[in-house]
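The values are calculated or read from the model by the stated rules, or taken from the named source; none is laboratory data. A quick note: this is a predicted structure, and the numbers were derived from the prediction, not measured. Cβ coordinates were reconstructed from backbone atoms using ideal geometry, including for glycine residues, and neighbour counts include every protein chain displayed.
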Amino acid sequence: MIQTFMIVNRSAPRVLIFEPSSQEKRKYFASIYGRKKCSRKTLSEIKEELRGIRVKNRKEMDKNVEKFKKTLSMHGLFKIHMAPDPESLIKILKENTTGRGPISLNKSNVVLNEIRPYLKKAGFRSYIRYFSEFENFNSQKKFFTDYWMLPGLHEKNILETFDLEASIDLSKDGKGRDYISLLGVNAASAESGNIFFLQHMSNIKKDIEEASIIFFIVSTEKVLENDLEAKIQVSSTGIFGLESVILDLKPKEEEVFDFKSLPFTDKKREIHVIIFDNGRNGLLSTPFSDLLLCIDCRACARQCPVGQYVPQVKEFVYSPKNLLLLQLQGRIGPFELCLHCGRCEVECPVGIPIPELLWRAKIDYYEKKGRSITKIALDDPELLAKIGVFFSPLSNWVTRIPFVRLLMWLFPGIHFKAPLPSFSRQTFRDWYRRRKKNG
């Protein structure tokens, strides 16, 4: 459904882009040397403030979305769309992008995980412009690849600060290049209609200034009451997501596209806002409503010990929360590789109980879908142990045969190099009784 409004207001919404900055740090340290009081929030205070904002926003999500639509409707800048699911969003793109060239994406979880697979199915060519910014990077260079390599900045009481890098007036006509920009926003203000981004490269700013047609993808939980709350959320996304960004620094050559080589078009620039739900409103009345507190900082991926080994990582922006949401949306099955170590919950700045929700989602999934024979067997290690004991020592000999180990890897999923226990006819109880008897 498309809603277009032509009433122009003097104070048109702007795009506010925040970047890492040392300005706030300089002020803080200057105050120390100048012996002046300068308050600086601690990590705990930031978390407390953020959680309060997110809890309030969850309660008022529908209200904020309606107010955001009303605020945008006061301007003739936008075509406003409501997309309840990815299929509806793709339909909107097809209706508004005839012959407009390739699509530039930002590294938004919503865009890459929930929308991009459908773009590919629909035949759109899309690229993540973020990776085009890696000039003079050696693709053979070693980068941070796992959580244990990260510097642990918060443990050293080092907090990144973020300042406004650009404030873009969308009411000014721009001469755009012949391509489409699809940008997932970090926050939006219902009060002013302003759209907020966090960027570590210059890709988002370039897309807004250069693309001939822009789609701002606003997921419903990202609409906040006012600018101050939106700014706090964007800054928090940077603070708690900094080290997860470090894990993604390796360039991807297949995503590089020279958008600067595209010609300028004489057509007037179009700006669309798509308010995207994709099952979020349905989570409000379920035990999974805490997922709507998420700010997509991906702090939960920071110390996840299995993150780099999950098959979906090649296709999606990884985090335990992202995989859980994709499961609830019916895109993938349960997250079987999770160790339930609890690090994701510890790292989450708003305290989402991700391990508990992963268990609940897995239980719900198998109650509806049922379990395979392999799943039933692996879920009952005591039964497997009894079978191994009953057939020992034959079971010990069989499980050492390379061909059998290969079959166990291909079907039950037990790696062929994984050490297996040895089975004995004599149980511990039997051994203890004999030892006690022989005293």
Filter result for the condition that a residue is in contact (Cβ under 8 Å) with a residue 24 or more places away in the chain and among the aliphatic types (A, V, I, L, M), over 394, 384, 324, 410: 324
Flag for residue 312 being at pLDDT 90 or above, out of contact with any helix residue (DSSP H, G or I) (no Cβ under 6 Å at 6 or more places or on another chain) and crowded, with 16+ Cβ neighbours inside 10 Å: no
Meets criteria (in a loop (DSSP other than H, G, I, E, B) and over 46 Å from the mean Cα position of the chain (by Cα)) for residue 400: no
Residue within the range 301-316 that is outside the structural domain of residue 235 (by TED's automatic domain parsing), in contact with a Ser or Thr (Cβ under 6 Å, 6 or more places away or on another chain), in contact (Cβ under 8 Å) with a residue 40 or more places away in the chain and not basic (Lys, Arg) present: yes
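Checking the condition at pLDDT below 95, buried (at least 19 other Cβ atoms within 10 Å of the Cβ) and in the same structural domain as residue 195 (by TED's automatic domain parsing), which residue from 275, 271 passes? Don't jump to the end; show me each part of the working.
On the way: 275 fails: at pLDDT below 95.
Sole residue among the options that is at pLDDT below 95, buried (at least 19 other Cβ atoms within 10 Å of the Cβ) and in the same structural domain as residue 195 (by TED's automatic domain parsing): 271.
When the residues of the range 319-365 are filtered to those that are of a type in the set (A, V, I, L, M) and outside any helix (DSSP H, G or I), which remaining residue is surrounded by the fewest Cβ atoms within 10 Å (Cβ to Cβ)?
Restricting attention to the range 319-365, the residues satisfying the condition of being of a type in the set (A, V, I, L, M) are 323-326, 328, 332, 337, 339, 346, 350, 352, 354, 357-358, 361, 363.
Subsequent filtering for residues that are outside any helix (DSSP H, G or I) retains 332, 337, 339, 350, 352.
Numbers: 332: 16, 337: 14, 339: 10, 350: 20, 352: 23.
Among those residues, the one meeting the criterion is 339.
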Single residue of the range 169-182 satisfying the filter (surrounded by fewer than 24 Cβ atoms within 10 Å (Cβ to Cβ) and touching an Asp or Glu at 6+ places or on another chain (Cβ under 7 Å)) that is farthest from residue 105 (Cα to Cα): 174
Candidates 80, 90 - the one that is modelled with pLDDT of 75 or more, within 18 Å of residue 185 (Cα to Cα) and assigned to a strand (DSSP E or B): 80
